[in-house]
1. Name the residues in region 54-83 that are buried (at least 18 other Cβ atoms within 10 Å of the Cβ) and within 13 Å of residue 6 (Cβ to Cβ), would you?
2. Counting only residues that are farther than 20 Å from residue 66 by Cβ, part of a helix (DSSP H, G or I) and in contact with a helix residue (DSSP H, G or I) (Cβ under 8 Å, 6 or more places away or on another chain), how many does region 1-15 have?
3. Mind listing whichever residues of region 48-72 are small (Gly, Ala, Ser) and more than 10 Å from the chain's Cα centre (by Cα)?
4. Can you tell me which residue is nearest to residue 4 (Cα to Cα) among those in region 33-42 that are surrounded by 14 or more Cβ atoms within 10 Å (Cβ to Cβ) and more than 9 Å from the chain's Cα centre (by Cα)?
Amino acid sequence: MMTAEDLKRIMREGAGQDEAVDLEGDITDVTFTELGYDSLALLETVSRVEREFGVRISDDIVTVAKTPGEFIGLVNQTLTEVR
């Protein structure tokens with residue numbers, strides 16, 4: 001299962017981190033826009049999640065998941081369905 005810490009690490013590695021944004025706190029309900037991540041950064045995140053977790057994730061997640069919490073929920077749902 002993917003955790004919030006997994007997602008934070010993957011986001012930092014793939015798209016970096018805006019200096020004005022603190023990813024250390026609870027970001028599960030903060031929108032990706034507020035965190036400074038656009039759709040291209042999220043596509044890179046999806047690609048990295050797919051490689052790390054060995055699962056195919058629909059690109060629709062980029063338009064459906066507005067927050068890290070929603071993103072993690074959808075990834076974990078996919079992981080559950082695959083296994």
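1. Selection gives 68, 71, 72, 75.
2. 1
3. 54, 58
4. 35
Read the figures in this text as sums done on the coordinates, not as results from a lab. The structure displayed is predicted, hence computed values, not measured ones. Neighbour counts are summed over all protein chains in view; Cβ atoms, including those assigned to glycine, are modelled from backbone coordinates with ideal geometry.
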